[in-house]
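Each value in this text was obtained by applying a stated rule to the coordinates, not by laboratory testing. Just so you know, these numbers come straight off a predicted model, no measurement behind them. Positions of Cβ are generated from backbone atoms using ideal geometry, with glycine treated the same way; all protein chains shown enter the neighbour counts.
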Protein chains: 2
Amino acid sequence: MLEQMGRAAKQASWQISVLSSAEKNRALLAIADRLDAQSETILRANALDMADARQNGLSEALLDRLLLTPARLSAIAQDVRQVALLTDPVGQVIDGRLLDNGLKLERRRVPLGVVGVIYEARPNVTVDVASLCLKTGNAVILRGGKETHRTNSATVGVIQDALAACNLPKEAVQAIDNPDRALVAELLRLDQYVDMLIPRGGAALHKLCREQSTIPVITGGIGVCHIYADETIDFAQALKVIENAKIQRPSACNSLETLLVHQGIAPEFLAALSRHMHSVGVRLHADERAMPYLADGPATCVAVEEANYHDEWLSLDLNVRVVTGFDQAVEHIRIYGTQHSDAILTQSLSTAERFVREVDSSAVYVNASTRFTDGGQFGLGAEVAVSTQKLHARGPMGLEALTTYKWIGYGDNLVRG
Amino acid sequence: MLEQMGRAAKQASWQISVLSSAEKNRALLAIADRLDAQSETILRANALDMADARQNGLSEALLDRLLLTPARLSAIAQDVRQVALLTDPVGQVIDGRLLDNGLKLERRRVPLGVVGVIYEARPNVTVDVASLCLKTGNAVILRGGKETHRTNSATVGVIQDALAACNLPKEAVQAIDNPDRALVAELLRLDQYVDMLIPRGGAALHKLCREQSTIPVITGGIGVCHIYADETIDFAQALKVIENAKIQRPSACNSLETLLVHQGIAPEFLAALSRHMHSVGVRLHADERAMPYLADGPATCVAVEEANYHDEWLSLDLNVRVVTGFDQAVEHIRIYGTQHSDAILTQSLSTAERFVREVDSSAVYVNASTRFTDGGQFGLGAEVAVSTQKLHARGPMGLEALTTYKWIGYGDNLVRG
């Protein structure tokens, strides 16, 4: 079954890969309009998914992620109109020159072809990913979570109707709506048709894809993020950044999990930290060198376990470790980090630059919150995923990450000497 | 055992990732000098490998690939000096700007970390790959063919001595010199330490890596390349390009395997083709529509089988198929091509541009030989491999393909609003 879907996606990709930006934008606006016009169909499907989810005892947090309201759906349609406004990277000439051998060579940005996306409960991802893929001339095969399969089917149906109304192949956006898990394994081996696979979900999904996929995979999304506060910091300023990184949205992958503090400022700074974290409701997990300064402070404080350094809290919990200095801080980040987002707080320019060079993360910050790692914040206009691997794309992936390039050589019946 | 090697490589990569270009170039020149000075050690090891290879009945062609001579080794050392002269991509700022949220953001090019390379008999690859990785601040784990394991060990020993003499970690260049095949499987799963894997070998090796590796893989090197001759060509010019693409080096992956000819010129052009191919010793494999015009020509001609369209001849054999026109030519390339290098011969600008847009290959040529697909020809200065996949790097991979980037955000104790 997927074989056929893959072949159809590849065929469709050839058609949409050569569309002009204007043609693609017209289709995006048609999709947005139809999402508005057909909102009742989608909301009805969502109501059925929600009823099942409640019956299956999903948590309130998950139910909220699953829920579509008229306002949410309208915002989703509005996002599609925003994508239409973005600059189309396809066709851009990256570089080029006339070579000594006479060949006029250029590298031109082109669509990837067919993108596969595996994701979990959030129904907005369906429209997001479909619109970003269409904008970049790619076909897409979507595999959403089984909790939202009715919502996703209805949404993809609306998108396909809009494509057909624009005389575009509806196979450019397809969803695997059979919840059978075996189909994921099948999708992972569809390398003949699918050019890139993006898993958007937890660590287990990423591991599955890395181990079983024969298609190139972009993994990421797991963020054990650090801030290192060196001995030159201004306490009040530092606490402001730490608070933002920890509490602005604790469930986000770019939130702070471990604070590393230079031993020279530990006594005074940790006392201030305990007061501040108490005031914003953060629980501390202290290493043995931090504990003496935190045990009697107002913030809740327990002993950190080594395993805590490896995992995302995704909650109002924060590991605190006192380090002997810069080298131990960098060593800690190398051992426990996930190469997502890490920051230094310092007033020393040379220490800042050393941190930038030595910490090998997708995003490295100097005197700024780790929370900035986000396509919207970075001005990319959209975000397909956040990559923590090094090939192809790193950090927030915008439209450019959905393209590749081809080399084009023009000659006058030119032969190699 | 590989676990330890991987960990040491990662450690070494941190050290060499922050070296200046001048420091890396000094190490490269030290390697070149030591390859010259210690040439006897390497040649002695190569003589032992050659003796074994002869005893094992390797073909003359393979023996020649395996053989090092004083002149060849000296040329290899000279290549290292050339790498030292190339521009170092590491540290380059790709783009950057001051965002509205106050963040000063830049994308800086950085080394990948640890690169794994699996290759076959050619001992020059050892030095090539080691020098390109060192130039870009990457550590490398090399796995050469078992036929050259003594040569490779001796070569890597010399490289490591040179690194140590420059006070650099010798674990930056390591070779797996145990010929046990199980170690390849182990290498493929070393994702904790190895950031990118490059297999340089046949289709079976690429398939093995795609299926079993948990490390991102760059596959490529298989080239079923096409030329489409449309109805507007100048016969003499076209034959010149076809000859070059087929015979200049038939064993290369960018050589021509299948010629597609527009039906409108088939009678006259195929007669001329037969005469020309006969004069340069090329055997033709004709489809049923081409056969009537080729059967009685001077060039040897047999009926093509469908399987021939799928495989590389790598010899003086050429498939010839008559197509109804542009669309059938593109369809043929989509079905049978390997997205390596494909060319059109035409005098029509609009047909040329359609071909460039619709043929989805790493390199697409207009009125030029497919033989140009090569890092040296493209002016990249060096070539690590030729990628036919779409992620990360496509076509000839130069130094840039051995790098990734990191996002760097500078703030003045900046928080996300």
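Numbers at a glance
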{"quantity": "Per-residue average of Cβ from other chains inside 10 Å of A:97-110", "calculated": "3"}
{"quantity": "Pairwise centroid distance, computed over Cα atoms, of the stretch B:135-177 with the stretch B:76-123, Å", "calculated": "20 Å"}
{"quantity": "0 to 90° range, to nearest 10: angle between helix B:235-247 axis and chain B longest Cα axis", "calculated": "40 degrees"}
{"quantity": "Three-way shape label, the protein assembly as shown, alpha-carbon gyration tensor, a/c 1.5", "calculated": "oblate"}
{"quantity": "Burial ordering of A:Cys166, A:Cys133, fewest other beta-carbon atoms within 10 Å first", "calculated": "A:Cys166, A:Cys133"}
{"quantity": "Cα gyration tensor category, rounded, prolate or oblate, for the stretch A:225-372 with a/c compared to 1.5", "calculated": "rounded"}
{"quantity": "Long-range amide H partners of B:Ala385 with built H, under 5 Å", "calculated": "B:Met397"}
{"quantity": "Long-range amide H partners of A:Val140 with built H, under 5 Å", "calculated": "A:Val115, A:Val173, A:Gln174"}
{"quantity": "Size-normalised alpha-carbon gyration radius of chain A, reference 2.2 N^0.38 Å", "calculated": "1.11"}
{"quantity": "Helix A:349-358 axis, angle to chain A major axis (alpha carbon atoms, nearest 10°)", "calculated": "50 degrees"}
{"quantity": "Full-extension gain in nm, A:Leu99 to A:Gln192, via 0.36 nm per residue minus C-alpha separation", "calculated": "30.1 nm"}
{"quantity": "Protection proxy ranking, peptides A:63-70, A:325-332, average beta carbon neighbours within 10 Å, highest first", "calculated": "A:325-332, A:63-70"}
{"quantity": "Rounded to 10°, Cα long-axis angle of helix A:266-279 versus longest principal axis of chain A", "calculated": "60 degrees"}
{"quantity": "Which of B:Ser362, B:Ser315, A:Ser17, B:Ser21 has the fewest Cβ neighbours within 10 Å, and the rest in rising order", "calculated": "B:Ser315, B:Ser21, A:Ser17, B:Ser362"}
{"quantity": "Residue-span extension gain [A:Gln15 to A:Gln92] - 0.36 nm each, minus C-alpha spacing", "calculated": "25.8 nm"}
{"quantity": "Dipole of the stretch A:1-75, positive end: most advanced residue of A:Ile42, A:Val18, A:Leu62 [Cβ charges, Cα centre]", "calculated": "A:Val18"}
{"quantity": "Average partner coverage of B:232-238, which counts Cβ from other chains inside 10 Å", "calculated": "1"}
{"quantity": "Spacing of the two label points (7 Å from each Cα toward its C-beta) at A:Ala165 and B:Ala61, in nm", "calculated": "5.9 nm"}
{"quantity": "Residues with amide H under 5 Å from that of A:Arg416, placed H, sequence gap 5 or more", "calculated": "B:Ser369"}
{"quantity": "Alpha-carbon centroids, the stretch B:321-360 and the stretch A:7-45: separation in whole Å", "calculated": "28 Å"}
{"quantity": "Listed residue (B:Phe269, B:Asn254, B:Val323) projecting farthest to the positive dipole end of the stretch B:225-372, Cβ model", "calculated": "B:Asn254"}
{"quantity": "Dipole magnitude of the stretch A:225-372, debye to nearest 20 (Cβ charges: Lys/Arg +1, Asp/Glu -1, about Cα centre)", "calculated": "440 debye"}
{"quantity": "Linear extension gain, B:Glu331 paired with B:Gln248, 0.36 nm per residue minus alpha-carbon span", "calculated": "27.2 nm"}
{"quantity": "Chain B - mean residue ellipticity at 222 nm from DSSP helices (-39,500 (n - 2.57) per run, n ≥ 4, rounded to 500)", "calculated": "-13000 deg cm²/dmol"}
{"quantity": "Cα centre as origin, Lys/Arg/Asp/Glu Cβ charges: the stretch B:314-412 dipole, Debye", "calculated": "60 debye"}
{"quantity": "For the stretch A:80-97, 3J(HN,Hα) per residue [Karplus equation, 6.51 cos²θ - 1.76 cosθ + 1.60, θ = phi - 60°, Hz, x = Gly/Pro]", "calculated": "5, 5, 5, 4, 4, 7, 5, 6, 7, x, 5, x, 4, 8, 6, 7, x, 6"}
{"quantity": "Unsatisfied cross-links (Cα-Cα over 22 Å) in the set A:Lys135/A:Lys406; A:Lys146/B:Lys207; A:Lys240/B:Lys104", "calculated": "A:Lys146/B:Lys207"}
{"quantity": "Dipole moment magnitude, nearest 20 debye, the protein assembly as shown about Cα centre, only Lys, Arg, Asp, Glu C-beta charged", "calculated": "480 debye"}
{"quantity": "Modelled FRET efficiency - R0 56 Å, B:Ala37 with A:Thr324, Cβ distances, 0.05 increments", "calculated": "0.85"}
{"quantity": "Exercise: per-residue mean of other protein chain Cβ atoms within 10 Å, A:368-379", "calculated": "5"}
